[in-house]
Structure formats: C-alpha cells, structure tokens
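As structure tokens, the structure follows; a few thoughts come after it.
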Amino acid sequence: MIRWTMAAAAALVGVVPAMAQHAPAPADEVNPFIGTTNGGNVYPGATMPFGMVAFSPEETPLPGYGFPIAAPGGYEWRANGVRGFSLTHLSGTGCTGASGDIPIMPVTRAVDISPSSVEAALMYASIIDHAKEKAAPGSYSVTLDNGVEVALSATQRTAVGHFAFPKDRPANLLFRTSDSEVGSTASTIHIDAAHRTVTGSVTAGNFCGYLAEDRRESYYTLHFVAVFDQPFEVGGTWRDDIVSEGATDGGGGTSYGTRGHPPAGKGAGGWIRFDDNAGRAVNVRIGISYVDEAGARANLNAESPAKTTIASAQAAARKVWNRTLGQIAITGGDSDDRTVFYTALYHTLLEPNLYSDTDGRYRGFDGQVHHLSDGQNAQYANYSGWDVYRSQLQLVTLLDPARGSDIAQSLLNQADQNGGVWDRWTHVTGATSVMNGDPSPQSLAAIHAFGGRSFDLERAYASLKRAATVPTQKDLSRTGCPVLCIGQRPGLDQWLKLHYMPVGAPGWGSAADTLEMAAADFGMAELARAVGDRAGEKRFRERSGYWRNLFNPAAGAQGGYIQPRNADGSWPAFDPASDDGFVEGSGAQYLWMVPFDPAGLIDALGGKAATARRLDAFFRDEGGGWAVTKSGPLHAELDNEPSIASPWLYDFVGQPWKTQETVRAAMRQIWTNRPDGISGNDDLGQMSSWYVWSALGLYPLYPGRADLVVGSPLFPEATITRPGADITIRGQGAAPDAPYVSALRLNGRAVKQPLLPADFVASGGTLDFVLGTTPDRDWGRDHTP
C-alpha cells in the first residue's frame, strides 16, 4: 500500500479550509480528498449521486509507478502533474482501466508536436499545487502552474467546465480523445468552429485486462458533444506522431499493451484555439452518451441548456448533494468525525452509475440499443459485485428503495443481454469477470430484503437458479483465469459433484471460491424464500453449508482452519499465513468469512469460549495491542472485504462489548480526515459503507437478509429519513472513546440481544443506546443471536 508522508499532511491544511470548522450543510462537511492516497484510489472531481459524469483530473504517474496514470481513480495526492480533466471515473477501484474518458487539457503553448508522440513527454501537462485546489460535492477548482484557472461541475449526464486563460499567452484546449485510462482501440473527433462545437467518441474498456492477455478488449463507445460560449479557431488534429494543423476531423486509438501501458507513441485527438490576447474565460457544456451522438446532444439540452453557468451548475449540484447526504442527519461529534462520516456516505453514493439517456435508451451487453423495462426509472452500470454485496447495496437501498430496485433490474437486464450470465464485475457494457464467486444472488436478495421490491424478482430468480444448477461451457473454461474467469460460477461442475471447490478447479483460489459459492447459495436460499420456492430454499440452504467440507479440525495448532482441499479428498500442506488458495487474504483471515452461518462456524471451532479466544488472537498482537490492519497475515485486515465481517462475530459468542471496541478501534485507525484516510481501495463505496454502518452502530452481516447485528453509534443522534418508516438512533454518552453499550431500547422496549430482526428495517423506529467508556460485560452476554 502507498504510505502517507508528513509533508503531504502539512500541505493539506490549505486545501479545504471549510473542513476545519463546523458547517451545518452535509455537503460542506465532505472532504473529497480523503482517500486520494494510501491506495484509496478515489477521485476529487465533480459528480452527482450515482452520476454518469465524473469530471476530474487525470494526473501523471508518480516516479516508479508502473502505469500511465497516477492511480485507478485518475488522481493521487502525492502526484503533481495533470494531463487533462476526464469526463468519467470510477471511485476506489483496485484495477486500472475504469473509464477516464476524453481528457481535456488547457495549455498555454503552441501545439507543434503531437501530444501522443514520445517526444512530447510531459510537454502538454501542468503542475497542480494543492494550495490552489479545492473540491466539494459537485465542484472542483484549481489554478494550474501554466496560469489557467479551471473550475468543474456536473449534472447527471453532463459536464460543465470553466477555463480562464492568462493574457498574452497561447490559449489552446486539447481533446485527448484516445487517452482513456489505459488506452483505447478507436476514437473520433470533429471540430465545428462555426457552431462552437466539438464532437467525438472513444471506444475503450480493458478494465483489469492487463491481468489476463486473453481479456484485453474494448466493450463500450462513449460519445460526447461539447458546446462553448466563446468563438474559437480550429487548431487541428493529431494521430500518433503526425500533427495535421487546421484539420477538423481525426481519429485513432492507442491499442492495449502490457501492464496497462498503451504502446509508446500511439494516440489521437484534436485541439481548438482561443484568442491569445484576450485573457479569455471560456465556458463549456459537455453531454455524453453511451448510445450515440444524438443521445449526448439530447442529454446536454435536457440537463445543461445554453444559459447554464459554472456557478449555477455547482449550486444545483450542491443542492442535490445536501438533500441526498441529508437523508442521514447526525448531531454532535467533532468536526473531523463529522467530515469522515459524511465523506464515507458521499463515497458510498457514487456507484453504480447512471447509464441510460434522458430518453430511456441505453446500449446493452449485446451491443443493441434497449429501452428501460416497464416500471424502471434508470439503467445503471459499473457493478463491483464481489465488493458491494456485503453492505453497500444494503445502505443504498435502505435510503432509496426505488434506486435499489432499478439496480436489481439493471443487473437482470445485463444478464439477459449477456447470454444469461450474471457477471461478477461489470464495467459499462463489459462483462469483465473480475474477482471470484457469484455475488449476484446475495446482491439481489439484499436489495429485496432492504425494501427494493420494484423489479422482476421471479424472472431474476429463475435466471440465477439456472446459473447455479446448470454448468455452462464458460463455467468449465479457464479463459481469463485466475482473476478474470469468464464463467458466472467457474468450476460449477465440481461444486455440484464434490460439494466444495477443489484445488486446480477453474477459479482464483479454491478455498476462497468455496466460501463465495456458499455465500451465493445463501443468497439463493433467500431469493427462493421470497418467491415461494420452498424446495429451492431447502436445497440452497443446504448448499450454503458446503463450506464445512473445507474445515479441517487438524489444520494449524489453534483448533482448525478452512483450507484448500484436493479433489480426492486429501489435504495438501497448509500455512494459515499463506494466501495460497485464497483471494486478497490469508487462510487465517478467511477463517472468519462465514457471515451467513456464525453458529455453524462457532460449533466447528469448539464453541463460544474457544471461538472468542481465536477472535482475540486475530484482533490483538502478541503484546495485546490492536491488530486490525497492517499487522501481518495472521491478523485482521479490516481495510479489505475478507475481514470486514469478523469483528461482528463477537456478538454471537456472548461478548458484544468486544464487537463494540474492535469496530471502534478499526474506525479510529483506518478512517481519518486526511488524504490517506482510507487505508486501501474503497471499492466503489463498499468500504465507506462499512464505516457508515459502523458509525450508526449497526451492520447487515447476513448476505441477503435485513437482520442487523449491533455495535455502537459514534454520534449522539442520527436520523435516517427514507421512504416508508424513518429510523432514529440515539446514543446517550456517545463519544469516540465511549463505544460500550450498557443498555438498548427499541421504541421504548428493552433489547437484550445484539441483533435486530429484519422487520426493524421495514418498520423503522427509534433505538436508544446508553454508552460508556468501560465495557459492560453483562449486556447481551446471555442473549446471543
């Protein structure tokens, strides 16, 4: 992971001065720079909740970094060079290749060498000084080292930009049409000076494609229409190292290379030129569409009409963000805690991204133009299933059940257009197949459980049931393996035959694959129950227990582990500190990744007392200090998905006070109001959602159910306003050092068990916690879930 420096910490002081004082509006308490280093991979630019557009800087890489960009989000706090401001980004991805489309760069020098040529190097880049940079929800601004003042904003489907060029210097604006995050296979540009318009497209994709040579491919085309408020002259176009001054049309791609590097000297674009002597301020409105140019123009006209200004766009975006973030209103807490909370909520609400145009059209995975399904409000794209099934989709749906329903319908539509395959990690119209397992069943079950009921549940269940019971040729294939296996359930035939995933089966890590498949079947059981398929519910509930076939009581010296197993039933050599057979974690960390069956895991480990001892050793180092992150493979890594359910398991062994203190310790160590304040990929809001739930004192442990395990709230009061029934959470005595619960009441009635049933989400109500600074070992001890 990238580590933080004190110099960078000092530099932050002048970045967002509003963060240092209390501000009642939620948008004012967001610091978009949190997570822009230390591997968080978020971006600080302008966007809307779940917006199609994310207008943000595309920085040049740090020295020694092996990719052509600064970070997968396009921005790294420690980098200081910018090569453009791109129209699309994803937040917190671990792989490069996620959008970064159409970087637009203001330059104050003549364009006499192709910006794509090797000779150009950083000739057309500029320096960013954090002291001259500001960001807030829906707005971003910076004064570049070349003297250009840049301000950005966005609507759902359009970008709004303002570029103020210095006097008496060339004023050129580059459109690097081919330069998506890791390149492209094609791009076009057309410059129409008479109508003050630049139009074009880019065909790109290749998310994580550098990890598998057989998966390097384009799968979407983005179209844009940019309209300026000032006259300009045609500058020209370029392709590779050839500059065509005065040309109005051009195009070309970069193709894809190894490790995310397009071949040197490849690329295309064009530029326009403004009056050199005027010191002119230029405003631009840009519509985008994944359907066609007409869609981009219609989106522009609908959302950013001619009189739109940067100020009006930023004000409108701020209003939307205040309303959206304000659905969770917190009181009390110090400034940093409030900022960390609202920034985490902000990051939770960035993806999936709006994908359909204003007229309801969108281009499907089959390449055809489709219209929204009956009752659907919007089609969404960019679904990081392996991540977000754990708690992000639950929070999104809790706040907006209609949006959750649209996301579920979007996933069904994608599967229909993808030959029935529900892909694990979809990027725009790309079935990238990143990660392992089959996260769609528990994702849809979670959406349904948290109130998203306006999607075709029965048809979705039928499709997922077929995928879970009938192996396809893709399931048997090793194409893309291990990280990008093309099957929905790689090695499904082995799962059905052996009841576990053996070493050597298609997939990423056989033991991790087993646990993910079991979680998927738990989600299938919940869906079966929802549609009334009792036989299916029984069948999938039984299959969710297949994880036991990899529990070896003789593994290790502490009382057993979940470990890889050969197809003949034998156990290979095993080291709990190793990640062999696992995904982004060790055997010790994956032991606890059975959130769908805590009672079964506790039984396998020898009971509550033995499990508690194992948990203690997992979260504490040999000296008794916290080991919740960066403490080695035998300890927790609560900045990544495989570990995040583990601290809640204390609730099930009669020691809920340890859940309370462990979760709070992780919150304090990993989440801070600094650029390094997210320790690892935010994964399209999944990790931020974990923080939001934890700060509220609740967590959706079971994948696909609305039961909530109980921790402790960080703030004296939080009110969740949502369609249906509101939820109020009050914490008497709440403070950063007061995580311990001594009493809890729901609507005035005492609650003794650290678990709220699913009907709490449906009916809402008021939770009253009594909190203190010392553990209360009695509350919840004798009332385990």
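The values are calculated or read from the model by the stated rules, or taken from the named source; none is laboratory data. Because the structure is predicted, anything quoted here is derived from the model rather than measured. A quick note on method: Cβ atoms are made from the backbone with ideal geometry, for glycine too, and the neighbour counts reach across all protein chains shown.
Computed values, structure above
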quantity: Filter result for Ser91 (of a type in the set (S, T, N, Q), more than 30 Å from Gly385 (Cβ to Cβ) and either surrounded by fewer than 24 Cβ atoms within 10 Å (Cβ to Cβ) or not assigned by TED's automatic domain parsing to the domain that holds Gly385 (or both)); calculated: no
quantity: Top-ranked residue of the stretch 216-262 - restricted to ones that are within 18 Å of Leu173 (Cβ to Cβ) and β-branched (Val, Ile, Thr), ranked as surrounded by the most Cβ atoms within 10 Å (Cβ to Cβ); calculated: Thr237
quantity: Unique match (being surrounded by fewer than 24 Cβ atoms within 10 Å (Cβ to Cβ) and either in contact (Cβ under 8 Å) with a residue 40 or more places away in the chain or in the same structural domain as Ala468 (by TED's automatic domain parsing) (or both)) among Ala518, Ala512, Ala588, Ala557; calculated: Ala557
quantity: Filter pass, Asn172 being in the same structural domain as Pro72 (by TED's automatic domain parsing) and closer than 19 Å to Gly252 by Cβ; calculated: no
quantity: The stretch 27-81: number of residues that are farther than 18 Å from Ala154 by Cα and surrounded by fewer than 24 Cβ atoms within 10 Å (Cβ to Cβ); calculated: 14
quantity: Selected residue (criterion: surrounded by the most Cβ atoms within 10 Å (Cβ to Cβ)) from residues of the stretch 591-634 that are touching a residue at least 24 places away in the same chain (Cβ under 8 Å) and either farther than 22 Å from Pro553 by Cβ or outside the structural domain of Ala445 (by TED's automatic domain parsing) (or both); calculated: Val628
quantity: Residue among Val741, Val761 that alone is closer than 16 Å to Gln394 by Cβ and touching a Phe, Trp or Tyr at 6+ places or on another chain (Cβ under 9 Å); calculated: Val761
quantity: Residue that is under 25 Å from Ser643 (Cβ atoms) and not assigned by TED's automatic domain parsing to the domain that holds Asn382, where the choices are Gly711, Gly780, Gly685, Gly697; calculated: Gly780
quantity: Residues located in the stretch 729-771, provided they are of a type in the set (Val, Ile, Thr) and closer than 23 Å to Ser335 by Cβ; calculated: Ile729
quantity: Single condition Gly367 does not satisfy, out of (1) on the phi > 0 side of the Ramachandran plot; (2) in contact with a strand residue (DSSP E or B) (Cβ under 6 Å, 6 or more places away or on another chain); calculated: (2)
quantity: Given (1) more than 26 Å from the chain's Cα centre (by Cα); (2) surrounded by 15 or more Cβ atoms within 10 Å (Cβ to Cβ), number of the condition Asn566 does not satisfy; calculated: (2)
quantity: Verdict on Arg297 being more than 25 Å from the chain's Cα centre (by Cα) and either of a type in the set (D, E, K, R) or modelled with pLDDT under 95 (or both); calculated: yes
quantity: The stretch 460-487 residues that are at negative phi, paired with ones that are of a type in the set (Val, Ile, Thr) and surrounded by fewer than 21 Cβ atoms within 10 Å (Cβ to Cβ) (beta carbon under 9 Å, 6 or more apart); calculated: Tyr461/Val531; Ala462/Val531; Cys485/Thr479; Ile486/Thr479; Gly487/Thr472; Gly487/Thr479
quantity: Within the stretch 307-331, tally of residues that are touching a strand residue (DSSP E or B) at 6+ places or on another chain (Cβ under 9 Å), in contact (Cβ under 8 Å) with a residue 40 or more places away in the chain and not β-branched (Val, Ile, Thr); calculated: 8
quantity: Number of positions in the stretch 87-110 that are in a loop (DSSP other than H, G, I, E, B) and closer than 19 Å to Val243 by Cβ; calculated: 4
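Let's see how each residue does on (1) of a type outside the set (Gly, Ala, Ser); (2) under 23 Å from Tyr342 (Cβ atoms); (3) without any contact (Cβ under 8 Å) to a residue 40 or more places away in the chain:
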{"residue": "Ala25", "(1), (2), (3)": "no, yes, no"}
{"residue": "Asn31", "(1), (2), (3)": "yes, yes, no"}
{"residue": "Tyr43", "(1), (2), (3)": "yes, yes, no"}
{"residue": "Val53", "(1), (2), (3)": "yes, yes, no"}
{"residue": "Pro57", "(1), (2), (3)": "yes, yes, no"}
{"residue": "Pro68", "(1), (2), (3)": "yes, no, no"}
{"residue": "Asn80", "(1), (2), (3)": "yes, no, no"}
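Results for (1) surrounded by 24 or more Cβ atoms within 10 Å (Cβ to Cβ); (2) touching a His at 6+ places or on another chain (Cβ under 7 Å); (3) of a type outside the set (Gly, Ala, Ser), shown as yes or no for each residue.
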site	(1), (2), (3)
Asp387	yes, no, yes
Arg390	yes, no, yes
Asp400	no, no, yes
Ser405	no, no, no
Ser410	yes, no, no
Gly419	no, no, no
Ile447	yes, no, yes
Gly451	no, no, no
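To keep it simple, each residue is scored yes or no on (1) modelled with pLDDT under 95; (2) among the β-branched types (Val, Ile, Thr); (3) surrounded by fewer than 24 Cβ atoms within 10 Å (Cβ to Cβ).
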residue: Asn640; (1), (2), (3): no, no, yes
residue: Gly654; (1), (2), (3): no, no, yes
residue: Thr662; (1), (2), (3): no, yes, no
residue: Gly680; (1), (2), (3): yes, no, no
residue: Ser689; (1), (2), (3): no, no, no
